[in-house]
Structures are given as structure tokens and as C-alpha cells.
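Asker: What follows is a single structure, and I will ask about it in a moment.
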Amino acid sequence: CSGPSSRRADGGAECLGSKAMVSCGLPAPEGGLPMAQLSVSPGVRWSRVVGAGVTLHPPILIEDRMRLAVVVGQREVWVLDVATGLGGSVFRAGTEFLGNLSADGQGRLYVASSARVYALTLEGAIRWSFPLEPPVGEFPGVPDVTISPTGLFVPSPEGRLYKLDLSDGRVLWSAKLKFDGNQQVVGRVDTAYMPTLDQGLVALNEQSGKVR
């Protein structure tokens, strides 16, 4: 699910994240598998209370694994079964706030806090992490990460755009840019686009990080 109301998949999956709740409208699973908590709303096959606090980002669908992943209460990552809603918290960031979730084609999760980028398995195991330097004397923002076929883009709170290797988190390149902490990178295989506060929209070479 890539937005507040996701695209339909698997014959009609439509998943929605809201305040402390994840719901999914699905065809009834063959064999009558138990649902987590049935909703009385028409078309909703199950709804799951996932904890207290506001869920700021919509869940994402890992389609080949039939799983939903969502950041709950800004501090926990939950992974749920698409068909049943069963599952729970797999990762907690302690006192750190978490940004959006991204997933690659192998079902691996990526999320950043104000202090660190985490690469996770669907079971919540940390594959690698990368430290971020917060700006001095300011309240650090929480970056939103973006997956590309060639790496992970992270606009850090210090004002530097990192491109990290998906397999081990090593820095492929970094670029010092002046941007709003809530910005995300948009790109394709050879070019990444980043809104900045002083240069407008900047186009960067994905391989080198140099401004085109």
C-alpha cells in the first residue's frame, strides 16, 4: 500500500492506515481462515487495532510475501498478514521517532529515525544500521527514505543527502544540499530529483551524486 488508500492487488486488496488502526478489504480467504477483528463496515474483511498513538504513514504492501508493514505510534514497526491481519510488533526504536517505511524487491524493510537508518528483515532483525548526525542546536527532523534500483536515498537532518548500498549500508555518495527535512527524493535509474530551499529542484546523477 503506497498511499492513504492503496492500489488494489491480489483480486481486490485495499489497505488503509489510520489512527491506531489498520484495515484491509480482501476477498474472503479460501478455507475460511480466521480474521483478526472483523469490521462491520461494508467491504472491510478485517480491521486490526495496532496500538496507541497516531500512525502518520500509510502501511506498505510486500506483495510477494503477502505482508503489510506499518510504523505505529512513530516508534514501532508492525508486520501483519494480508489475509488475516495477524502479526504484531517486530521492531521498536526506543525513544527515537521513525519516518516512513520502504521495502525492496526482496521483502526487506528500510526506515530512518532522527539518529539512525535501519535495514530490517520482515521479522524485525537488524541487517545493518547507519548513524546520522543531527544538526547542532536544533530539534532533529525524521528523514523519509526512498528506495531506488541502485540504492537507498536518505535526506539526513544535518542537510546532507546520502545514497546507501542496500546490502550493507555503506555510503555510495553524499551531497551537501539545503533542503526541508520533510522532502523525499524522486528519481529513476540514472537521475535523482531533490527539492532544495536555495536552488529549486536539483537533478543529481544517481551514480556519482553530482548535480546535472
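The values are calculated or read from the model by the stated rules, or taken from the named source; none is laboratory data. Worth saying up front: this structure is predicted, and the values here are computed from it rather than measured. Please note: Cβ atoms are built from the backbone with ideal geometry, for glycine as well, and neighbour counts cover all protein chains shown. Quick note on the areas: whole protein, heavy atoms, side chains included, nothing else; ligands and nucleic acids left out. Shrake-Rupley method; radii C 1.70, N 1.55, O 1.52, S 1.80 Å.
Asker: Pairs please, first residue from region 118-132 and touching a residue at least 60 places away in the same chain (Cβ under 8 Å) and over 15 Å from Glu96 (Cα atoms), second anywhere and among the small types (Gly, Ala, Ser) and open to solvent by less than 50 Å² (accessible area, probe 1.4 Å), Cβ atoms under 6 Å, 6+ apart in sequence or on different chains.
Answerer: Final answer for the pair search is Leu122/Gly107.
Asker: Can you list residue pairs whose Cβ atoms sit under 7 Å apart, with the first residue in region 77-97 being of a type in the set (Ser, Thr, Tyr) and the second being part of a loop (DSSP other than H, G, I, E, B)? Count only pairs 6 or more apart in sequence or on different chains.
Answerer: Thr84/Leu33; Thr84/Pro34; Thr84/Met35; Thr84/Ala36
Asker: A further question follows. Name the residue that is surrounded by the fewest Cβ atoms within 10 Å (Cβ to Cβ), counting only residues in region 56-103 that are of a type in the set (Lys, Arg) and farther than 24 Å from Pro157 by Cα.
Answerer: Result: Arg65.
Asker: Tally up the residues in region 153-204 that are at pLDDT 80 or above and open to solvent by 40 Å² or more (accessible area, probe 1.4 Å), please.
Answerer: So the answer is 8.
Asker: Restricting attention to region 104-117, which residues are open to solvent by 20 Å² or more (accessible area, probe 1.4 Å) and not in a loop (DSSP other than H, G, I, E, B)?
Answerer: Scanning region 104-117 gives a single hit, Arg116.
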